[in-house]
1. Of all residues in segment 124-137, which are in contact (Cβ under 8 Å) with a residue 24 or more places away in the chain and more than 19 Å from residue 17 (Cα to Cα)?
2. Just wondering, is there one or more residues in segment 177-185 that are touching a Phe, Trp or Tyr at 6+ places or on another chain (Cβ under 8 Å) and on the phi < 0 side of the Ramachandran plot?
3. Just to check your reading of the model, which residue among 97, 47 is exposed (fewer than 15 other Cβ atoms within 10 Å of the Cβ), more than 16 Å from ligand 3 (Cβ to nearest atom) and without any contact (Cβ under 8 Å) to a residue 60 or more places away in the chain?
4. What's the number of the only condition in (1) closer than 30 Å to residue 188 by Cα; (2) surrounded by fewer than 17 Cβ atoms within 10 Å (Cβ to Cβ); (3) away from ligand 1 (no atom under 13 Å from the Cβ) that residue 102 fails to meet?
5. So which residues in segment 193-218 are crowded, with 16+ Cβ neighbours inside 10 Å, closer than 21 Å to residue 36 by Cβ and touching a residue at least 60 places away in the same chain (Cβ under 8 Å), if there are any at all?
6. Could you please let me know if residue 12 is within 13 Å of ligand 2 (Cβ to nearest atom), among the β-branched types (Val, Ile, Thr), modelled with pLDDT of 95 or more and part of a loop (DSSP other than H, G, I, E, B)?
7. Please go through segment 188-210 and pick out each residue that is assigned to a loop (DSSP other than H, G, I, E, B), touching a strand residue (DSSP E or B) at 6+ places or on another chain (Cβ under 6 Å) and either under 28 Å from residue 99 (Cα atoms) or of a type in the set (A, V, I, L, M) (or both).
8. Determine whether residue 111 is touching a strand residue (DSSP E or B) at 6+ places or on another chain (Cβ under 6 Å) and without any contact (Cβ under 8 Å) to a residue 24 or more places away in the chain.
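The values are calculated or read from the model by the stated rules, or taken from the named source; none is laboratory data. Note that the structure is predicted; figures quoted are calculated from it, not measured. Cβ: placed from backbone, ideal geometry, glycine included. Neighbour counts: every protein chain shown.
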Amino acid sequence: MGVRIDLHTHSTESDGTDTPAELVATAVAAGLDAIAITDHDTTAGWAEAERAVRELAPPGGFRLVPGAELSCSCPDGNGRTITVHLLAYLFAPDSAALVAEQSRLRAERRTRLHEMARHMAADGFPIDPDGLMAGLPPDSPGGRPHLARALVDAGTVASVNEAFARFLGGSGRYYLPRTDTPVHRAIEMISDAGGATVLAHPFATARGPVVTEEVVAELAERGLAGIEIDHPDHDPATRERLRGLAGELDLIPTGSSDYHGTNKTIRIGQETTPPDSLDRLIDRCTGSKVIG
Ligand code: AMP
Ligand code: ZN
Ligand code: FE
Ligand code: FE
């Protein structure tokens, strides 16, 4: 088998179930050559993941790409504003603007999660909102998967997916929105911090509304470096369309699992990025170094 690179994974620092060290161990055990750690709105997992690479991986045999996933607001091309996700790679984690924005987002995410849990508890669901929040790592963003998991543990639903379908999805009764970063500002902040951005799962229609191709073109003009094509939420026809778009707009094509541990059924390395795409991303970045 060729080189296998997975550039989109989550740890317990956001809403995955592997600690950062376990994430690296899982990737090494799965025979992957490189992963990116891309927790939502935090770089808190980088240090532990880096230590794990030095301890667990053969020297030169495995690479870790420090990254994050940013929730952004974006015009959808049809007159509405929607949420899109940007994967940000190899930026300087101490960039002041970025530190401030990520800390604002984490605080807002925590307040929102607590609020969603309190609404459910008030309606009689067997949820302990304060206990849920106390179980999160300090200053971690938390996310709907934590509430979904609590509903599974309470026996209210059979799976995280069912919790989203019935209660927590964008049109669910207990869904609350966030004030995300405007996408142009996010692209600019990551560029200023020496990093590169990739539009995550651009056409994952099962998750909610998506942007038009014209919007992707406009983001490319604003400095977007790549688009995630091979993602579990893209069907074969969507992938072909995105591959055409990447070619037309000279965007770096990536593929990744969006691994969340046991919060999703997807395996790490289930989707992969061509080695040449990782090289192109690294070439654009000066903010942080690849580990290993
Ligand atoms: P939040 O960050 O709180 O808005 O929650 C979004 C997270 O929930 C993302 O990591 C998604 O991958 C995950 N998610 C969204 N929809 C679903 C779903 N239907 N089933 C499982 N996880 C989902
Ligand atoms: Zn997530
Ligand atoms: Fe995402
Ligand atoms: Fe993700």
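1. Step one: filter segment 124-137 for residues in contact (Cβ under 8 Å) with a residue 24 or more places away in the chain, giving 125-127, 136-137.
Listed by number, the residues that qualify are 125, 126, 127.
2. No: segment 177-185 contains no residue that is touching a Phe, Trp or Tyr at 6+ places or on another chain (Cβ under 8 Å) and on the phi < 0 side of the Ramachandran plot.
3. 47
4. For residue 102, the failing item is (2).
5. Across segment 193-218, the qualifying residues are 193, 195, 196, 197, 198, 199, 200, 201, 202.
6. In short, yes.
7. 195, 200, 201, 202
8. no
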